[in-house]
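K.L.:
Got a structure here, written out as C-alpha cells. Questions coming.
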Amino acid sequence: MGRQKKMSPDQLQAVLNNARLNLLTAQKGGQLFGFCETFQHTIAEIEILYFGLTPEMQGKGFGPKFLCWILETLWSDDIKRIWLHTDTNDHPKAIDTYLNAGSKFMIERWKISRTEGNPKLDK
C-alpha cells in the first residue's frame, strides 16, 4: 500500500476513509510521540505499514512498550498473522525491538545495487 509523501486533500480523505486502514497513536502528557498505521489485507492478516516514535522519544524504552500494546490490540481470535517490513533506513534498534516483541519473524536480506542508473535486486 505504498503511497507518495504528498497527497491532495481528496487523496488523503480516500485513504482515511478506507475501513481496512487503522491508525494507532501513543501519547505522553498530551503529546503525541508514537504512530502506527496498519492495513487489514484479509480477515486473518494485518500488515504494520508504519511504526515509529518521535526522535525525542527514541532510545527511552517507549518503542518496545508501544509495539507490545499494538500487537495486543491487533490480535484476536480471527487474526492469524501480523507482519511488517524493515530495512537499513530504520532505527538501528528496530530489528531487536521487533524480535523482542515475542513473535516469529522471517528475515531476508536484500542488497539493492545500481547499474547504469537502474536498480537491481541481489538476494
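The values are calculated or read from the model by the stated rules, or taken from the named source; none is laboratory data. Predicted model only: the values in this text are computed from it and were never measured. Neighbour counts run over all protein chains shown; Cβ positions are idealised from the backbone, glycine included.
K.L.:
Any residue that is loosely packed, with under 11 Cβ neighbours inside 10 Å, polar (S, T, N, Q) and not in a strand (DSSP E or B) - is there at least one of those in segment 42-58?
P.N.:
The answer is no; no qualifying residue exists.
K.L.:
Something else: What number of residues within segment 1-10 satisfy the criterion of being of a type outside the set (G, A, S), over 18 Å from I48 (Cα atoms) and either modelled with pLDDT of 85 or more or in contact with a Leu (Cβ under 7 Å, 6 or more places away or on another chain) (or both)?
P.N.:
From segment 1-10, those of a type outside the set (G, A, S) are 1, 3-7, 9-10; that's our starting set.
Add one more test, that the residue is over 18 Å from I48 (Cα atoms), and what stays is 6-7, 9-10.
Subset that is either modelled with pLDDT of 85 or more or in contact with a Leu (Cβ under 7 Å, 6 or more places away or on another chain) (or both): 9-10.
The qualifying residues number 2.
K.L.:
Consider segment 10-34. How many of its residues are within 19 Å of the chain's Cα centre (by Cα) and either part of a strand (DSSP E or B) or hydroxyl-bearing (S, T, Y) (or both)?
P.N.:
10
K.L.:
Could you check segment 67-86 and list, in sequence order, the residues that are in contact with a helix residue (DSSP H, G or I) (Cβ under 9 Å, 6 or more places away or on another chain) and more than 17 Å from H41 (Cα to Cα)?
P.N.:
Taking segment 67-86 first, the residues in contact with a helix residue (DSSP H, G or I) (Cβ under 9 Å, 6 or more places away or on another chain) are 67, 82, 84, 86.
Result: L67, T86.
K.L.:
Restricting the first residue to segment 58-76 and requiring it to be closer than 13 Å to A26 by Cβ, which pairs with a second residue that is among the basic types (K, R) and exposed (fewer than 13 other Cβ atoms within 10 Å of the Cβ) meet a Cβ separation below 9 Å and a spacing of at least six or different chains?
P.N.:
Partner pairs satisfying both residue conditions: F62/K28.
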